[in-house]
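Comments concern the structure below.
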Amino acid sequence: MISQSSRHCTVELQALPSRIGQVRRIVSAQLRYWHLDPLIDQAALGVTELLTNVHRHAEPDKMCVVDIELLSDRLTVSVHDHDPRIPAAPAVPDGDLFATSGRGLSLIAAVSDQWGVHPRGETGKTVWFTLAAPPAEADAPPPPEQAAPAHEPYEVHEVHEVHEPLAAPASAG
């Protein structure tokens, strides 16, 4: 199911590998529609990593909801799943440089402005990240008239484990 208002888009899905690619394309198309082309690569990478985590780790099922919302100058991408377990904060990679798993949240921390987890008790959790939206272009069409949302707007009641991006290592030389 896909629903959207003028600056909010929701996709409900089962996090299977075939669906992850479809959602990545939906997010990319939505950001193009909102004239946020500079954010497509970061948002697509982030949503792919979050959905892959649901696919690999979430219990009791793989059902989840992806929300993307543009508020003012900030894009928020979030994934809510039914598993109440909170993911561990990413460690600075000092292990196997060629590891093929275990880096999802580190990648999100590296490409986003902020990220975090909202525990939802027995109903699961929401893992989110934000990206700074570029200034609106003068020739971009105005946003459509704001319709009354069919759902409650995304509100942050509590923030748990908010993480700033990892600092890039200083280059020697």
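For (1) under 18 Å from Leu31 (Cβ atoms); (2) part of a strand (DSSP E or B); (3) aliphatic (A, V, I, L, M); (4) modelled with pLDDT under 90, each residue gets a yes or a no:
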residue: Asp96; (1), (2), (3), (4): no, no, no, yes
residue: Thr100; (1), (2), (3), (4): no, no, no, yes
residue: Leu105; (1), (2), (3), (4): no, no, yes, yes
residue: His118; (1), (2), (3), (4): no, yes, no, no
residue: Val127; (1), (2), (3), (4): no, yes, yes, no
residue: Glu137; (1), (2), (3), (4): yes, no, no, yes
residue: Pro143; (1), (2), (3), (4): yes, no, no, yes
residue: Gln146; (1), (2), (3), (4): no, no, no, yes
residue: Ala150; (1), (2), (3), (4): no, no, yes, yes
- Output for the range 36-71, where each listed residue is part of a loop (DSSP other than H, G, I, E, B) and either farther than 18 Å from Thr10 by Cα or free of Cβ contacts under 8 Å to residues at least 40 places away in the same chain (or both): Ala58, Glu59, Pro60, Asp61
- Pick from the range 26-73, criterion among the basic types (Lys, Arg) and modelled with pLDDT under 95, ranking: farthest from Thr123 (Cα to Cα): Arg56
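The values are calculated or read from the model by the stated rules, or taken from the named source; none is laboratory data. A quick note: this is a predicted structure, and the numbers were derived from the prediction, not measured. Note: ideal-geometry Cβ built from the backbone for every residue, glycine included; neighbour counts use all protein chains shown.
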